[in-house]
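The values are calculated or read from the model by the stated rules, or taken from the named source; none is laboratory data. Keep in mind it's a predicted model, so treat the numbers as computed, not measured. Cβ placement follows ideal geometry from the backbone for every residue including glycine, while neighbour counts extend to all protein chains displayed. Heavy atoms of the whole protein, side chains included, go into the accessibility calculation; ligands, DNA and RNA do not. Shrake-Rupley method; radii C 1.70, N 1.55, O 1.52, S 1.80 Å.
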Amino acid sequence: MTSVPTNESDFESGLLDYLNTAILLFGADLRLKYLNAAAEMLFQVSARHYIGLHAADILPCPEGNVEARLLAALRSRHPFTERELNISLADDRTITVNCTVLPLHHFDAEPELLVELHQVDRQLRINREEQLLTQHTAIQALIKGLAHEIKNPLGGLRGAAQLLERELPDAGLREYTRIIIEEADRLQALVNRMIGPNRLPQRRILNVHTVLEHVRGLILAEYPKGPVVTRDYDPSIPDLMADQDRLIQAFLNIARNAAAAAGPGGTVGLRTRVLRQFTIGSRRHRLVLSAEIRDDGPGIPDELKDQVFFPMVSGHQGGTGLGLPIAQDLINQHGGLIECESRPGETRFYVYLPLESEHD
C-alpha cells in the first residue's frame, strides 16, 4: 500500500488540509495522531484537543464495537467501508457518515489506520423530506377522493333518517333514527377534519413565540398536574407571514401528543432556532425557522415510526390518529415541513418554516 507521511508537520504542509473530506490518522494503539481541517469542522473541535484520544472516544457508534473493527483491519490489512454510520458527538449531536478505513503498513514503522469520514446527513435528509412531501401529497389526494365518495351517501342516509323520524309515531322508534343522524353527523365531522379547512390561509405578520406561548398556555391548562413545559427561545428570530390560527392548531396537535407521552412527571421542551441556507424538500431557503417540540416519554414504537403522519395511525389508546397528519398539512400550506426523531426516553418533532417571503 502507498505510504503516507506520519509526521504531523508533514501532514499540515501537505494536501490533506485542503480536502473537504474528514481525514483521521490513528496509530497501532488506536490513538489519534492527526486530523485535517475538515475533520476539525466536522467534530467542531481543534486538533490539539483531539490528538492522543482513543478511537473509541472519537468514533462512538451504536452499530458495533469500533475498537474491535479497527484492530481487525490492522491485523488483516484489509480496508473496509461502512455506510450511513451514526456517530455520537460530544455536544449530543449525532451525525451520519460513510466511513472508509484504510490500514497503512510501512516497512520501517508501526502500522497505522487512515479513516475517511464523509458526512451524508444532508442528502439523506433531503431524500427523506422529498419522500415525506410526496407521501403527504398522495395521502391528501386519496383522502379527498374518499371524502367525496363518503359524504354523498352520508348526506342521503341522514336525509332519509330525518324523513323516517317524522313518519314514526312511536317515540321509542324515533330514538333509533336519532342515533342514525348523530352517527352520520359524527362521520361527516371526521371526514371534514381529515380533509382540513377549505379556505385559503389568512396570512399576516406574526412572531412565532406568540404562537408557542399560546400553545404552552393551553397545554398547562389541559394538563394542570404536569408535565413541566420548558422554553428555550431564540429572541433574534424575525417575524414571519403566516396564518396564526393554523400555526396554533399545528403546534397544539404536536404538543398535546408530547404532553400525553411525557405524563405528569415528565417534561415537554419548546425550542426555536434560525437555520441558514437550509433545504426543505428540494428547495433551498436563505432563512428557516426551526421549532422543536421535545418530550421525555417512552418514545414512538418502532413499527409506527414511519407511519406517524398517516391518518388513523395512533400510538395512544382512543386516539383518532388525525392530529399529526393535520399538523403536517397545515405546515405544508406555509411551505414548511414536520420531521420526527424518536428513541426510548426522547421524542423530537421539528417544525421547519421558511422565514423569507416569496418575493425574497
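Ignoring ligands, DNA and RNA, what percent of the 1.4 Å accessible area of the chain is carbon and sulfur? That fraction is 52 percent. Each of the peptides 112-118, 237-243, 342-348 was scored by the mean count of other Cβ atoms within 10 Å over its residues; in descending order, highest first, they stand as 112-118, 237-243, 342-348. For GLU175 and HIS148, a Förster radius of 25 Å and the Cβ-Cβ distance give a FRET efficiency of 0.20, rounded to the nearest 0.05.
Overall, the ratio between the Cα radius of gyration of the chain and 2.2 N^0.38 Å, rounded to two decimals, is 1.33. Would you mind counting up the charge near PRO201? Only other residues with Cβ under 12 Å from its Cβ, with Lys and Arg at +1 and Asp and Glu at -1. Once all neighbours under 12 Å are counted, the net charge is +1.
Between rounded, prolate and oblate, where does segment 243-310 land on the alpha carbon gyration tensor, with a ≥ b ≥ c its root eigenvalues, rounded for a/c under 1.5, else prolate if a/b exceeds b/c? Prolate, because a/c is 1.5 or more and a/b exceeds b/c.
A 1.4 Å probe run over the protein chains yields, for the chain, 56 Å² of accessible area per residue, whole-number rounding.
With respect to the chain, whose longest principal axis is taken over its alpha-carbon atoms, helix 208-222 is tilted by about 60°. Counting other Cβ atoms within 10 Å, which trypsin sites (Lys or Arg not before Pro) in segment 150-223 have at most 15 and lie in a DSSP loop? Listed in order of number, the matching sites are ARG199, ARG203.
Report summary: the helix-based calculation at 222 nm, which adds -39500 (n - 2.57) for every DSSP H run with n ≥ 4 and divides by the residues of the chain, gives -13500 deg cm²/dmol. The gain in end-to-end length when the ARG343 to ASP239 segment is fully stretched comes to 34.2 nm, 0.36 nm per residue minus the alpha carbon separation.
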